[in-house]
Amino acid sequence: MTLTRTTSKGSPESAPRAPKLHVVTFGCQMNKYDSLLAEGRFKRQGYATTEDMGDADVVLFNTCSVREHAEERTFSWLGELKRAKEKNPGLVIGVMGCMAQRIGEEIFARAGHVDLVAGTRQFANLPQLVDRVREAREKRGGADKGTRVLALEMNDAVAVDRDDEPWDGGLHAYLTVMRGCDLNCTYCIVPAVRGRVLSYGIDKLVHEAEWFVSRGAKVITLLGQTVNSYGEDCAPPLPGEARGRGRQGRPSLADLIYRLQDVRGLERIRLITLHPSYVTEALAEALRDCSKAERYLPIPAQSGSDAILRAMKRGYTTDLYKKRMEILRSRVPDLELASDWIAGFCGETDADHAASEALMAEQGFVTNYIFKYDPRPTTHAAEHLTDDVPEDVKKERNQRLLALAERVGLERHGRHVGSVRDVFVESVSDRTEGGLVGRTQHGLMTSFRGAPELVGTVARVQIEGATAFGLSASLATSAPTC
Ligand code: SAH
Ligand code: SF4
Ligand code: F3S
């Protein structure tokens, strides 16, 4: 795209101006990573990114479908752009990600000013798809005609290129180690919109991590919907090839953690999200052996009732869940766990709900994410089970879980008070002047006073206070307590 720019002397000069991209991201960390990937692809085509949506030539919405609310929010944002498009008919508006994959063409029907709809495995093609919108407009003789492009194919090869640089240049980088999900929890839309599991090669992931670290990243979050099933879809090694710690010698998350432990300059390895079914001794040992791996694991239980877990097809009972956590805690006694919970799933009785509360309290999850059940079209639960818990009961159970989560979170955080911890300092506080914010090795947010130069380093602190959501501390000189 070529625009005319005016020089400082005021004479017009025909010079290329980099077209500008603005990406709005909804949903989970996987979407955040994909947005960075998309930005990388556009930058390689000569685009610049802009923080200001009003200044953009291309606005992309990377969308989420997990609950209806997420989709409605996207549509209300899209509505806001209608006027912008009227003012600037050259603007290209694209919708990508999970909602795009789920409802495709329906987006054009509900938001007529959208030009492009691209599914979850199309991010590599986005610049070309935007070009197609522009070419079609030119052919039709005017930008205001608007020409729609729909690309929903679920490519199996979703190669990520080093040059994409899916990283914002900060201290933290995401690394998607696998895409998709092969489980079929009955309430969940993710497998339908993200497709089957595809793990990236372990060498490639390690190289990518090294690349981020060589440029300044110090914390890496390994991402996958069931991140501890990493490698399950890889071919077992041939005779003579290196064997991993996974099934039949396949590479596993444990192998990846050991490899990343050896990356010099990397301080922390974070994991999102684990599934109880793929907790292994090898993983527990890797967490024990590797000091860079955070002692904080999000392993959603979803419910504490066996009947509900069966209806959800989660693949474990509460007993099995507890046994798996025991495997982890026997190797890493100070482990902190986080969980997601669904309140008011189909058929959930008061007793089932009470069982969720009991599991939350017993396991002592430091962080809990609680959602009211929302039937998602095409899922097994929406089509074959009855959404029979009345809305006010769902709401009440949701509130009760939230209230308990706060008590449990406070108790867990409180256990750290009085200890000395090493905190990786992430940023200066935007709330307290002279304050810093970081995380303990247990993944707990910690605020304390200190010099801004400490950002990006590990600071030793004395934990002095706790809330349900974090810790407060002061700089310390003594050795850390475990
Ligand atoms: N892969 C992760 C979760 C991905 S979705 C796992 O298996 O745990 C994130 C969370 O959204 C889920 O853990 C679940 O608690 C919630 N969720 C998913 N579908 C939902 C639905 N239909 N209604 C309410 N909450 C839902
Ligand atoms: Fe959804 Fe279950 Fe897969 Fe998680 S494991 S993404 S909840 S189907
Ligand atoms: Fe939402 Fe898609 Fe993530 S549905 S939670 S953005 S995988």
In sequence order, calculated HN-Hα J values of the range 342-349 (Karplus, 6.51, -1.76, 1.60; Hz; x Gly/Pro)
10, 9, x, 5, 3, x, 5, 8
Okay, which of the range 42-75 sit inside 16 Å, backbone N to the point 7 Å along the Cα-Cβ direction of Lys87?
51-59
Rounded to whole Å², per residue accessible area for the chain with a 1.4 Å probe reads 45 Å²
Across the chain, what fraction of all alpha-carbon pairs, as a whole percent, falls in each successive 20 Å bin from zero upward?
21, 52, 24, 2
Phi-derived 3J(HN,Hα) across the range 326-335 with the Karplus relation (6.51, -1.76, 1.60, θ = phi - 60°), rounded Hz, x for Gly and Pro, is 5, 4, 5, 6, 5, 8, 10, x, 8, 5
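Going by a ≥ b ≥ c, the root eigenvalues of the Cα gyration tensor, does the range 317-465 fall in the rounded group (a/c under 1.5), the prolate group (a/b larger than b/c) or the oblate group?
Taking the square roots of the gyration eigenvalues as a ≥ b ≥ c, the range 317-465 is prolate.
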Straight-line reach check, Lys139, cutoff 25 Å on alpha carbons, 8 or more apart in-chain or any other chain, hits among lysines -> Lys20, Lys82, Lys85, Lys87
For a quick check of understanding: with a 1.4 angstrom probe and all protein chains in place, what accessible area in square angstrom does Glu71 have, to the nearest ten?
10 Å²
Selection from Ala286, Phe42, Val66 lying farthest towards where the dipole of the chain points positive, charges on Cβ
Phe42
If we sort 274-280, 388-394 on the protection proxy, mean other Cβ atoms within 10 Å, highest first, what's the order?
274-280, 388-394
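Full extension from Val417 to Arg288: what is 0.36 nm times the residue separation minus their Cα-Cα distance, to one decimal in nm?
Taking 0.36 nm per residue and subtracting the Cα distance, the gain is 44.2 nm.
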Leaving out same-chain residues fewer than 8 places away, which lysines sit with a Cα under 26 Å from that of Lys292?
Lys32, Lys204, Lys218, Lys322, Lys323
Test of understanding: express the Cα radius of gyration of the range 17-151 as a ratio to 2.2 N^0.38 Å, with N the residue count.
0.95
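Sorted by packing (mean other beta-carbon atoms within 10 Å per residue), highest first, where do 85-94, 297-306, 227-236 land?
297-306, 227-236, 85-94
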Quick calc, Glu153 & Glu68: beta-carbon distance into FRET formula, R0 25 Å, rounding 0.05, result 0.45
Per-residue HN-Hα couplings for the range 173-185 [Karplus 6.51, -1.76, 1.60; θ = phi - 60°; Hz; x = Gly/Pro]:
10, 8, 9, 6, 8, 8, 10, x, 8, 9, 8, 9, 4
On a C-alpha basis, how far is the centre of the range 401-460 from the centre of the range 195-216 in Å? Whole number, if you could?
28 Å
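Please arrange Tyr200, Tyr258 by accessible surface area, largest first, computed with a 1.4 Å probe and ligands excluded.
Tyr258, Tyr200
The values are calculated or read from the model by the stated rules, or taken from the named source; none is laboratory data. Given the structure is predicted, the values throughout are model-derived calculations rather than measurements. Heads up, the Cβs are rebuilt from the backbone with ideal geometry, glycines too, and the neighbour counts pull from every protein chain shown. Each accessible area value is taken on the protein alone, full model and side chains, heavy atoms only, with ligands, DNA and RNA left out. Shrake-Rupley method; radii C 1.70, N 1.55, O 1.52, S 1.80 Å.
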